[in-house]
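FYI, it's all coordinate maths here, none of it is from the lab. Values in this document were obtained by computation on a predicted structure and should not be read as measured data. Note: ideal-geometry Cβ built from the backbone for every residue, glycine included; neighbour counts use all protein chains shown.
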Amino acid sequence: MTILLAPMEGLLDFTLRDVLTRVGGIDRCVSEFIRVTGTLLPERVFLRIVPELRHGGCTPSGVPVSAQLLGSDPVCLAENAARLASLGPAGIDLNFGCPAKIVNRHGGGAALLQDPELLGRIVAAVRRAVPMAMPVTAKMRLGFDDDLRAVECAQAIAGAGAAELVVHARTKAHGYRPPAYWERVHAVREAVAIPVIANGEVWSVGDAQRCREVSGCDALMIGRGMVADPGLARAIARPGTSLGWVQLLPLMMHFWQLVCGHVEPRHRAGRLKQWLNYLRRRHPEAEEAYQTVRTVNDPQLLELHLQQWCTASHTQAYERHPALADLHA
């Protein structure tokens, strides 16, 4: 089963892409969206949001990253796509699913699902603007207020030249409330000739298996489920494997170092607590860790807590398995 790491604005940026792809099991990533609002963006904007462009369009562990554009003007999106393509992403993805009110008010994201003809013009314009070897893909929801035009939207996207389509199995009106309607993804998949990838409410290996069966898709895109359980993609690829709290802590320390390298001090604590909040769903130890630092905003104090967790986890491991102490002596 092919696994894609989803774009998540304000959460799943290049720092988490770096960390999560180190675990294994993720085949491809899509960046958080780059907003296009009527101007040709300078290269530094693309590089700031997708720094993997400086390294062949891959994360440090070698996983390809497609860069996602969000906007509603075909000409402007095409011009920006051409500039972006020159920087060498693994592909260019188009966002037709963002449910944020400010985005939808300006006609972007999921609001475009009310106008299949415009969807087609956007995809066609971007496809013409970039080299044929550069994949142009899209991500959509089932619809805006309802899913009555899901197949029509998918056919417009596929007919205009998209190479692949991710379908988030909810409408904009559903937001992120469960359930995800995987059976509707199956209907979309049956209606188009391009590969369709299912997305939404995959939190476990069992969810992944059920989503595959119901949607009929051989590829899944996972976002929040991967943030909550960084070992999920690896467990899907190799059933029976898991990533425990002890194995997670070095990754958390690496994440913290990346955050300290590019985030202002006053925002650093929030980034770590945001991830811990997701990890509580999968790791009981994360609940205790989160409660310990919930009110801590001093980066130095937070780093001290991190170091203490790492030290304590190593000590516990040695107590359970004394031979490890000799091995690391």
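For residue 281, the shell of other residues with beta-carbons less than 15 Å away shows a net charge of -2, using +1 for Lys and Arg and -1 for Asp and Glu. Legend: ranking of residues 72, 242 from fewest to most surrounding C-beta atoms inside 10 Å; resulting order 242, 72.
Pairs of Cα atoms nearer than 8 Å and 6+ residues apart set the relative contact order; for the stretch 198-275 it is 23 percent.
Close amide H partners of residue 94, meaning residues 5 or more places away or on another chain with modelled amide H under 5 Å apart, are 69, 137, 138, 139. Each Lys or Arg adds one and each Asp or Glu subtracts one; over the other residues with Cβ under 12 Å from the Cβ of residue 70, this totals -2. Scalar couplings 3J(HN,Hα) for the stretch 96-108, obtained by applying the Karplus form with A = 6.51, B = -1.76, C = 1.60 to θ = phi - 60°, are 10, x, 4, x, 4, 4, 5, 6, 5, 4, 9, x, x Hz; x denotes Gly and Pro. Counting only residues at least eight positions apart within a chain, or on another chain, the aspartates and glutamates with an alpha carbon under 16 Å from that of residue 101 are 9, 145.
The Cβ shell under 12 Å around residue 93 holds other residues with a net charge of 0, Lys and Arg each +1, Asp and Glu each -1.
Maximal additional length on extending the residue 308-residue 295 stretch stands at 3.0 nm, based on 0.36 nm per residue less the C-alpha distance. Segment residue 274..residue 86, full-extension length gain: 64.3 nm, with 0.36 nm per residue of separation and the alpha-carbon distance subtracted.
Take 194, 222, 3 and order them by how many other Cβ atoms sit within 10 Å, fewest up front.
Lowest count first: 194, 3, 222.
Close amide H contacts of residue 32 (hydrogens built in the peptide plane, cut-off under 5 Å, sequence separation of 5 or more or a different chain): 8.
For the chain, a Kirkwood radius taken over Cα pairs fed into Stokes-Einstein (10 °C, viscosity 1.306 mPa s) yields D = 77 µm²/s.
How large is the helix-only mean residue ellipticity at 222 nm for the chain, computed as the sum of -39500 (n - 2.57) over DSSP H runs with n ≥ 4, divided by its residue count, in deg cm²/dmol to the nearest 500? Spell out each step's value before the answer.
Working: 15 runs with 160 residues, N = 329.
That calculation yields -14500 deg cm²/dmol at 222 nm.
Gain on full extension, evaluated as 0.36 nm per residue between residue 266 and residue 176 minus their Cα-Cα distance, stands at 29.5 nm.
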